[in-house]
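A short write-up of the structure that comes next.
No value in this document is a laboratory result; all are computed from the given coordinates. Worth saying up front: this structure is predicted, and the values here are computed from it rather than measured. All Cβ positions, even for glycine, are placed from backbone atoms using ideal geometry, and neighbour counts span all protein chains on display.
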Amino acid sequence: MSEAMRTLQRGYELMWREDRLEDALIGLDPEFEWVVPGHPEGDVRQGAEATIAFFRDWIEPWDDLQVDWDLLPAGPDRVLAVLTMSGRGRESGAPVDMRVGQLWTFHEGRAARMVMYDDVDEALREAVVRRATAAYGSGDFEAVIPFLAEDVVWEEDPEWPDGQTWHGHEGVRAAFRERLESTAITVEIDELVARGERVLTLMSWTAQGQGSGAVGVLRPGVIYEFEGELVKRTRFFLDRQRAREAFEGD
């Protein structure tokens, strides 16, 4: 278990098992953001005090609230928590069940951001993409394979020199050998959008030839299409705008 996962595990224990909300959240990064997309009072709460106030408002309508959680790695300095919540409405007495995802980002050992997902599957897909991206950015190409369906289609941009379409795990391995084994590459995700069964990433790639030492920078877009928990199709675009248009148009 990573240090971030241990920190989050202890935080959830303080919140949900020991009723020590302030102790759990007071140590957040000073610029911490608690993000709930689409919330009627605004998406973002910033800082520990605003987060604690929001949290209390969030759980106030519940009685007999029971919360369980699973923690999953979600890329460098990120942890995905899948929470299962059950209880009764305080006024109605009606049983309520909820399952949500919370994607946490850590900075220098402290929680810096949390994004809430009503659709847990979307959160899981984002975690898969971030982990796979971190793997091939570190040069551990084999670690990408478990995230791909056996019949995955790996499509390079036709505008790339010798752009090809590769099929299956062996095809992806061949693509890595041909494209990346002689190149050291650093990958950063600049923007990520998870929507349904697809994920769009806009990245910055810094590549250095291991023989020549020449350095090049690309800013591609990649669309990942999922089948269940695995990537079924990957589409690369040299031009980010074309990637956005393809993602919005599909």
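For the reader, a short list of remarks on this structure follows.
- Span per principal axis, largest first, for the Cα atoms of region 154-211 (Å): 39, 25, 22
- Put a dot 7 Å past the Cα of TRP58, heading toward its Cβ, do the same for LEU230, and the two dots end up 3.4 nm apart.
- Calculated mean residue ellipticity at 222 nm for the chain: -8500 deg cm²/dmol, from DSSP H runs with n ≥ 4 weighted as -39500 (n - 2.57), summed, divided by the residue count and rounded to 500.
- Based on the Kirkwood approach, the hydrodynamic radius assigned to region 155-250 is 14.3 Å, with every pair of different Cα atoms included.
- Extended-chain gain in nm, criterion 0.36 nm per residue less alpha-carbon gap, GLU178 and LEU14: 54.1 nm
- Degrees, to the nearest 10: 120-137 long Cα axis against longest axis of the chain: 40
- Applying the Karplus relation 6.51 cos²θ - 1.76 cosθ + 1.60 with θ = phi - 60° to region 43-59 yields 3J(HN,Hα) values of 6, 10, 10, 10, x, 5, 5, 5, 5, 4, 5, 4, 4, 5, 5, 5, 8 Hz, where x marks Gly and Pro.
- Value of Rg to Rh for region 107-217 (Rh from inverse mean 1/r over Cα pairs, i.e. Kirkwood): 0.99
- Sparse packing (at most 15 other Cβ atoms within 10 Å of the Cβ) combined with a DSSP loop state is found for the following GluC sites (Glu not before Pro) in region 75-124: GLU91, GLU108.
- Of the GluC sites (Glu not before Pro) found in region 157-250, those in coil by DSSP whose Cβ has at most 14 other Cβ atoms within 10 Å are GLU159, GLU181, GLU197, GLU229.
- Debye log10 I(q)/I(0) for the chain, one point scatterer per Cα, at q = 0.09, 0.12, 0.13, 0.16 Å⁻¹: -0.47, -0.78, -0.89, -1.19
- Overall form of region 44-185 per C-alpha gyration tensor (a/c, 1.5; a/b vs b/c): prolate
- Relative contact order computed over region 1-153 (Cα-Cα under 8 Å; 6+ residues apart), in percent: 19
- Environment charge at GLU3 (Cβ cut-off 14 Å; Lys +1, Arg +1, Asp -1, Glu -1): +2
- Cα gyration tensor, region 91-130 - rounded (a/c under 1.5), prolate or oblate: oblate
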